[in-house]
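The values are calculated or read from the model by the stated rules, or taken from the named source; none is laboratory data. All figures in this text were calculated on a predicted structure; none of them were measured in a lab. In this analysis, Cβ positions are derived from the backbone assuming ideal geometry, glycine residues included, and neighbour counts consider all displayed protein chains.
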Amino acid sequence: MPRSKFLKASVLGLSLLAAACQSKAPPSPAAPSGKSASLRAMEQVAIAAHKCWFASKDPAFKPYRMANELNSFSGNPRFLLVPVKNYGGLPLLVVQASGNSSRVDVFGPLLDQALGGRIKADLTRWQSGDTSCGSAA
């Protein structure tokens, strides 16, 4: 075998051997699924609340303003209802979900007022997937 062919064959063989010996990179971890169950649940409820209570100009909610905190890094996406003239004031209603649960919790003094029954009914309906506005107070 001529020397040049031998060198070419040797280089080719070494290249193939080196390629075969290289370890394959471990598979990359699966991409995260994205939104947590709590965030998905709260987005659905918050969108419906905004549409039905505020965008519709429902007179029962005129004294309140919605403070959206869905992008919370605490794992507790939520929204608040606060007095319209005191945006930084104490919330009158807190609607939130926690961790990876799709259960929505609600609390605050507004639930003990005349509007409380409607708020609970709306939230229950929206959480079940029915985003209709229902009836006004």
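The requirement of being at pLDDT 90 or above and farther than 26 Å from residue 99 by Cα is not satisfied by residue 19. Taking the listed residues 127, 96, the one that is surrounded by 12 or more Cβ atoms within 10 Å (Cβ to Cβ), touching a residue at least 60 places away in the same chain (Cβ under 8 Å) and in contact with a Lys or Arg (Cβ under 9 Å, 6 or more places away or on another chain) is 127, with no other qualifying.
Restricted to the range 99-118, and to residues there that are crowded, with 18+ Cβ neighbours inside 10 Å and within 21 Å of the chain's Cα centre (by Cα), the residue that is nearest to residue 54 (Cα to Cα) is 106. Considering each of 121, 114, 67 in turn, give the residue that is in contact (Cβ under 8 Å) with a residue 12 or more places away in the chain, more than 20 Å from residue 38 (Cα to Cα) and hydrophobic (A, V, I, L, M, F, W, C). Only one candidate qualifies: 114. When 71, 76, 86 are screened for being modelled with pLDDT under 85 and surrounded by fewer than 16 Cβ atoms within 10 Å (Cβ to Cβ), only 71 passes. Do the conditions hold for residue 121, that is, is it surrounded by 12 or more Cβ atoms within 10 Å (Cβ to Cβ), part of a helix (DSSP H, G or I) and among the aliphatic types (A, V, I, L, M)? Here the answer is yes, as residue 121 does meet what is asked. Among the residues of the range 73-89, is there at least one that is in contact (Cβ under 8 Å) with a residue 40 or more places away in the chain and among the aromatic types (Phe, Trp, Tyr)? Within the range 73-89, none of the residues are in contact (Cβ under 8 Å) with a residue 40 or more places away in the chain and among the aromatic types (Phe, Trp, Tyr).
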